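Below is one structure; the comments refer to it alone.
Just so it is clear, none of the values below were taken in a lab; they were calculated from the coordinates. Just so it is clear, the model here is predicted, and its values are computed rather than measured. So basically every Cβ, Gly included, is an ideal-geometry build from the backbone, and we count neighbours across all protein chains shown.
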Amino acid sequence: MRIAYFSPMPPESSGIADYSALLVPALRRHVELTVVRRGTKRPPRGADLSVYHIGNNPDAHGWILDALRRAPGAVILHDFVLHHLVAGVTIGRGNGHGYLDAMEREHGVVGRLLAHGVLDKRLPPLWEARPEDFPLAREVLALAKGLVVHSRYVADHARAAGYEGPVVHVPHPAWPAPDVAPADVGGDPLIGSFGNVNLSKRVPQLLEAFARVRAEHRGARLLLVGATSPGFDLERRLQRLGLGTDGIVREGYVDERRLWALMAACDIHVSLRSPTMGETSGTAIRALALGKPLVVSNTGWFAELPKGVALKVGIGEHEVDDLATALRLLARRPDVRAAMGEAASALARGPHDLGKIAERQAAAFERIAGGAAVADSVLHEVSEAAAGVGIAAGSAEASEIARRLSEVDLGG
Amino acid sequence: MRIAVLRPQVPFARGGVEIFTDELVAELRARGHDADLVSVPFKWYPGARVLTQAFLWRMLDLDEADGRPIEMVIATKFPSYVVRHREKRVWLVHQFRQAYELDGTELGQFGEAPEDRALRRQLQELDRIALGEATRLFATSQNVAGRLARSTDLVAEVLPHPPQQLPYRTGASEGFVLSASRLDRAKRIDLLLEGAALHTGFDVVVVSDGPDRERLEGIARARGLDGRIRFEGRVTADRLAELYATCSSVYYAPVDEDFGMGPYEAFRSGKPVITTTDAGGPLDVVHDRRTGLVVEPTAAAVGAAAAWLHAHEAEAAELGGAGKALADEVTWDRAIARLLA
């Protein structure tokens, strides 16, 4: 089957570009796949199915949404909350009316009024202040012939938004852990947090919790890797908490090799998030591949990780307390870290195995491309046979047939 | 216990699964169970017919029969395990192989059109759902269990079943290699015939029948093997047991076979088995130079193995004896005890 594949690709700096770079070679063992050039508006001639990677970043996905509008296809929905994407392809292109319309389509007159408030700068941007309340995913859902998602969270939200097409849950593939020497960072233990340093990664809470842990574990160090988001005053926060350079190790954006070396050096990985857009964390997946214990937020995809690989911390009032408790436990119990690390490796080698994921994703594409025709054939033949013996639509017998068909995913 | 053994039936065809399920019912009855066979015709083409025919099983109500509960069903091969039952045990003979390892080969069924691709995937999904419902899941061989794990992530316990009942005995070798497989291309009897053309000293007896018979007879004629190859067609149980008892070795080398009763029948007769490295299920019990010879799937290698076993009677008897000890462990008592536990 021929697939036209719309995705950001390296050297674009995007987690989804990394994801596609990992997956495309494995997918090509199952399907004939053409990665279209950035900016392509239509699928190449002869494609059986177009596959669109949709995420929340308008720079990476705006052109892909444009193409999806021209030729519906399968959507790999990386984030359920797409407000930032929609704002980018409307307001970001000087089309404020488009934003008003999008908000009205999904949230009625109230949505339109709120959008006016944003355009008039009377309200803070909703994609920053309340994105989860206004996900703006419906246009993408309406265009999708089928969805591939990485989490039950996104699947459930798509269904709750009224999506009736096929939704296939295919976990994020794990990278094979590279043969890389751990960076010489120090720390006993070394706790790592990777990704942008900002509020939604819960860095303030992490710093507070770490300060408490360090009061008891003087050798502990916290490694923060990633760019600091504009407006986030890391230095001031560190000063306030009395965290100096002996406790905090800071690196900005790093290349892939350095990233793996730093990740390999960590004893504990922290991957926190709130609000969540429904995304899967590429760095958390890398931590699994390295066999590292995780501490995560108990939300979205993160909440779906098996208990054995991650300690989960609720968002809210007790977040710092719970986070400190989790870090303390892992700091003083190398045996627990080791057991969690083994479970993480097993998870990466099992359900997140690249070969298996590629097979499942190819299966999803094939079902999305031809599944409706198969379902039609089955339903036609079954209903014809039923009608032939006098079973009328809507009868108890017809309902039972429909129920049985549904049980084995044959429609009905 | 009241038990229904489930068997899809291709009308007018009879093979290993039919023998196996008939014997399973008889053995269950012999142990005091109220067992019966439930059979539904199966046709797997054209197009989506394979799904609608599989779906027939889903509509069966086997919770009870004639007012009395059926406590357990034992499904065997696709699509019998699509049935619903609170105590669904599956003793898997094979899945619908065209949707798996045979896809893209000359034995495959599905083309490259999106509808064909989707149909294949739908069958895989049906397997995941239906087999996932099993209260216990067994596979007749490691090969079947391995395919299942690779395709669905479901784990099956390997539970081989005894071969068909014959008056097995061990006799002196009369210098021929026996092939008792159905005459079908996938059984690769041509490798044995071509091997016989390359190596002298042994004869070949081919029993059974099938669509490949004419071609195989043509090969025998073309290679000038008329005096050394004998096609006996279908034979009685007594005759088959006699042939097993008096052969020098048994050839059994299908491509990626599910289970294969051939080696067990050979071993019950104290005879070594020649098989190939890609034979699948038979490799569970045919171990190179322990219970037979496992060779590359070439005529030269098969011919050389047959000639060696013919020329080394004592070693052949030793291999056959080891095979017999192994086959004697596979009994209905043990199989049924595990199946019903």
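Given the rule -39500 (n - 2.57) for each run of at least 4 DSSP H residues, summed and divided by the residues of chain B, what is its mean residue ellipticity at 222 nm, to the nearest 500 deg cm²/dmol?
-12000 deg cm²/dmol
Which trypsin sites (Lys or Arg not before Pro) from region B:269-341 combine a DSSP loop assignment with at most 12 other Cβ atoms within 10 Å?
Within region B:269-341, the qualifying trypsin sites (Lys or Arg not before Pro) (loop, at most 12 other Cβ atoms within 10 Å) are B:289.
Quickly rank B:5-15, B:114-124 as a protection proxy: mean count of other C-beta atoms within 10 Å, highest first.
Ranking, from highest mean packing down: B:114-124, B:5-15.
Is there a simple number for the mean count of other chain Cβ atoms within 10 Å of the Cβ of residues in A:362-372, and what is it?
6
I'd like the orientation of helix B:299-311 relative to chain B: the angle between its Cα long axis and the longest Cα principal axis, in ° from 0 to 90, rounded to 10.
60 degrees
Hey, can you list the DSSP H helices of chain A whose Cα span along the axis is 27 Å or longer and whose average Kyte-Doolittle score is at least 0.0?
TM-like helix candidates: A:354-388.
Go ahead and collect, in residue order, the members of region B:175-211 whose backbone nitrogen is under 17 Å from a label point 7 Å along the Cα-Cβ direction of residue B:296.
B:191-192, B:194-196, B:198-199
Averaged over B:122-134, how many beta carbons belonging to a partner chain fall within 10 Å of each residue's beta carbon?
The shielding value for this peptide is 3.
Order A:401-407, A:160-166 from most to least packed using the mean count of other Cβ atoms within 10 Å.
Ranked by mean Cβ neighbours within 10 Å, highest first: A:401-407, A:160-166.
With a 10 Å cut-off between alpha carbons and a GNM built on chain A, which of A:96, A:146, A:108 moves the most?
The residue with the greatest mean-square fluctuation here is A:108.
Quick query: amide H of residue B:258 versus all other amide H atoms, modeled in the peptide plane; which residues come in under 5 Å with a sequence gap of 5 or more or a different chain?
Excluding prolines and chain starts, which carry no amide H, the hits are B:281.
What angle, in degrees between 0 and 90 and rounded to the nearest 10, separates the Cα long axis of helix B:237-246 from the longest principal axis of the Cα atoms of chain B?
40 degrees
What distance in nm separates the simple spin-label points at residue A:113 and residue A:29, each placed 7 Å from Cα in the Cβ direction?
5.7 nm
Just counting partner chain Cβ atoms within 10 Å, what average do the residues of peptide A:397-407 show around their Cβ?
Per residue, the number of nearby Cβ atoms from other chains is 2 on average.
Highest mean first, what order results for A:278-284, A:319-325 on Cβ atoms within 10 Å?
Sorting A:278-284, A:319-325 by mean packing, highest first, produces A:278-284, A:319-325.
Which distance in nm do the two modelled labels at residue A:332 and residue A:185 give, with both placed 7 Å along the Cα-to-Cβ direction?
With each label placed 7 Å out from Cα toward Cβ, I get 2.4 nm.
For helix B:114-132, report the angle its Cα long axis makes with the longest principal axis of the Cα atoms of chain B; keep it between 0 and 90° and round to the nearest 10°.
The answer is roughly 80 degrees.
May I ask you to list the residues of region A:274-317 whose amide nitrogen lies under 12 Å from a point 7 Å from Cα along the Cα→beta-carbon direction of residue A:156?
A:299-305
If contacts are Cα pairs under 8 angstrom and at least 6 residues apart, what is the relative contact order of chain A in percent?
RCO, chain A: 14 percent.
Mind checking which aspartates and glutamates have their Cα closer than 13 Å to the Cα of residue A:312? Skip sequence neighbours fewer than 8 apart in that chain.
Output for residue A:312: A:304, A:321, A:322.
Please list, or write none, the aspartates and glutamates whose alpha carbon is within less than 19 Å of the alpha carbon of residue B:271, excluding same-chain residues fewer than 8 places away.
Within the straight-line cut-off, residue B:271 pairs with B:174, B:203, B:238, B:242, B:284, B:288, B:313, B:315, B:318, B:328, B:329.
Could you grab the relative contact order for region A:2-169? Cα pairs under 8 Å, six or more apart, rounded to a whole percent.
19 percent
Just for region B:1-105, what percent of DSSP beta bridges are antiparallel, to the closest 5?
Taking every DSSP beta bridge within region B:1-105, about 10 percent pair in antiparallel fashion.
Only helical DSSP H runs with n ≥ 4 go in: add -39500 (n - 2.57) per run for chain A, normalise by residue count and round the 222 nm mean residue ellipticity to 500 deg cm²/dmol.
Computed mean residue ellipticity for chain A: -15000 deg cm²/dmol.
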